[in-house]
Every structure is written in structure tokens, then in C-alpha cells.
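The values are calculated or read from the model by the stated rules, or taken from the named source; none is laboratory data. Bear in mind that the values here come from a model prediction, so they are computed numbers and not experimental data. Here Cβ is always computed from backbone atoms with ideal geometry, including for glycine, and neighbour counts include all displayed protein chains. Side chains are part of the model used for accessible areas, which takes the heavy atoms of the whole protein and leaves out ligands, DNA and RNA. Shrake-Rupley method; radii C 1.70, N 1.55, O 1.52, S 1.80 Å.
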Amino acid sequence: MIRSGREPYVLTSADLAAREGMTLGTWRTKKAAQAPGRPKPVSSEGARTLLWDARQQDAWAVGKPVPVLPTTDDPGDLLDRQEAAAVLGVAPRSWDQYARADQDLRAACQVVGGVEHWPRDVIEKWQAARPGDAGKRARGGRPRGTGDLLPREEIRPRTAALLAADPAVTAQAVAETLGVHHNTATKALAAARADAVAELLAADPDTTAEDVTARLGYPPLTARTALQAARER
């Protein structure tokens with residue numbers, strides 16, 4: 001997590017290596033990131049790209065007391081995908097889908113040190129406005145007897161956006177993300193897949209299910225179903 005106002009002090013591993021007179025390869029070979037006493041990265045645990053706080057690293061390098069970073073959550077804190085997912089109580093892959101499909105989340109994304117981050121207040125406001133309560137979402141969408149929360153005209157394009165972000169997205173994930181019934185999500189997802197395959201057929205009428213899998217990334221069975229649906233239109 002990048003605490004509020006500390007974006008100017010963010011360093012990448014390559015930045016640290018250069019400061020310490022090494023190439024990034026040498027820095028990694030020497031396992032400089034694990035040097036005794038070195039302050040920990042500010043990136044989330046398990047992050048693929050490590051980010052560091054320059055003020056902490058500079059103090060450690062010259063043997064001075066390492067400044068303590070703020071520990072109180074602030075609306076301006078910048079969270080990476082794993083931290084954002086933790087706020088929502090979902091898997092990072094689910095957050096990836098939300099972040100690509102939602103216009104507000106796309107607009108709020110900030111790339112710091114080559115890593116996508118979102119302000120804490122944006123995440124929390126999005127969570128508060130997210131359709132349905134946690135129990136309903138855990139069951140895969142809206143309960144019976146209630147209507148879809150998303151306007152009908154938005155369901156198909158939003159589903160298509162989720163499909164573009166993850167070719168293996170499930171109807172349950174669509175229902176959970178958009179706040180619609182599972183049946184609604186199933187129909188919208190099938191239509192979105194058929195739309196995408198129809199574009200392939202328009203360019204090449206001899207497109208096969210294997211071609212669909214190779215081009216669009218759909219699982220084999222899904223590719224065959226979508227191809228048949230597109231041809232029957």
C-alpha cells in the first residue's frame with residue numbers, strides 16, 4: 001500500500017539497484033532485497049512487482065533511524081489489486097474483472113512504479129454502491145422475486161466487457177459483478193460469446209471451434225456452443 005501523499009517517494013527495485021550501483025540482475029542475484037535490516041516493500045504481500053519507500057531506504061542506507069510510515073488508513077491511500085480485493089472480500093481475479101468493467105474504477109486507476117493502484121475512498125464508495133448485499137452476492141446474483149438492479153440496456157455491453165477481460169468468466173461471476181439474476185447473466189454471457197464468434201465468422205466463414213479457442217480464449221466446450229449459436233443466427 002502506498003500511504004496517502006507518499007507517491008513521490010515510491011521506488012522500484014530497478015531504482016534501488018541503480019542507487020546501489022548495480023544492475024537489476026545483479027541486485028536480484030545478490031538478493032539485495034533481503035539484506036539485513038532493509039525496510040520492507042510497501043507493496044502488498046506476494047506482489048509480483050515490489051515497490052519501496054525512498055525515505056525509508058535512504059535512511060537505512062546511511063545507518064540512520066528508519067522513519068515509520070503512517071499506520072492509520074486514509075481515503076487517499078493507494079491500494080494495489082490484492083489490497084483492493086481484500087477490502088471487498090473477493091479474490092484478486094474478481095477485482096480485476098470489476099476494475100476493467102467499471103468506468104469509474106478504470107478512471108480512478110493510477111499507475112505508480114508500473115503497478116495499478118486505486119484510492120481507498122474510490123474502492124470504498126464503489127463497494128457501498130455495489131448492487132446487492134454480501135449474502136446475495138455470495139449466492140451468485142439477485143435472489144428470486146427481485147428484479148435485476150442493472151438497467152436492461154446495460155447488461156449486455158457490461159457482460160461483454162467482463163468477457164473481454166476474462167474469456168473464461170462464468171455466469172455466476174457476471175451475476176455477482178453486475179447484480180443480476182443468474183439466468184439473466186447466463187443469457188447475456190451466451191449472447192456476448194455468440195456476438196464475438198459472429199465477428200470471426202464474418203471474417204472467415206470456415207472458422208472452427210479450435211479457431212475460436214485460439215482467437216478468443218474460450219474453453220473448448222464453450223467455444224463449440226458459442227460457434228453453434230453464432231451460426232444459428
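Points worth noting:
- Chymotrypsin sites (Phe, Trp or Tyr not before Pro) lying in DSSP loop within region 18-122, provided at most 15 other Cβ fall within 10 Å: none
- In order along region 24-32, phi translates into HN-Hα couplings of 4, x, 5, 4, 6, 4, 6, 6, 5 Hz, rounded to whole numbers, per the Karplus curve 6.51 cos²θ - 1.76 cosθ + 1.60 with θ = phi - 60° and x for Gly and Pro.
- Lysine pair count for the chain with Cα-Cα distance under 25 Å and sequence separation of 8 or more or different chains is 7.
- Rolling a 1.4 Å probe over the protein heavy atoms gives the chain an accessible area of 55 Å² per residue.
- Equivalent-ellipsoid semi-axes of region 1-126, from the Cα gyration tensor, Å, largest first: 29, 16, 12
- Dipole of region 31-106 [Lys/Arg +1, Asp/Glu -1 at C-beta], most positive-end residue of Ala35, Pro67, Gly89: Ala35
- Where GluC sites (Glu not before Pro) in DSSP loops with at most 10 other Cβ within 10 Å are excluded, longest remaining stretch of the chain: 46-231
- Protein accessible area in region 28-85, 1.4 Å probe - carbon and sulfur %: 53 percent
- For the chain, a simple Cβ point-charge model (Lys and Arg +1, Asp and Glu -1, everything else neutral) yields a dipole of about 500 debye relative to the Cα centre.
- Highest-fluctuation residue, Asp77, Asp15, Asp166 considered, GNM on the chain with Cα pairs under 10 Å: Asp15
- Cα-derived Rg over Rh, computed across the chain with Rh taken as Kirkwood radius: 1.10
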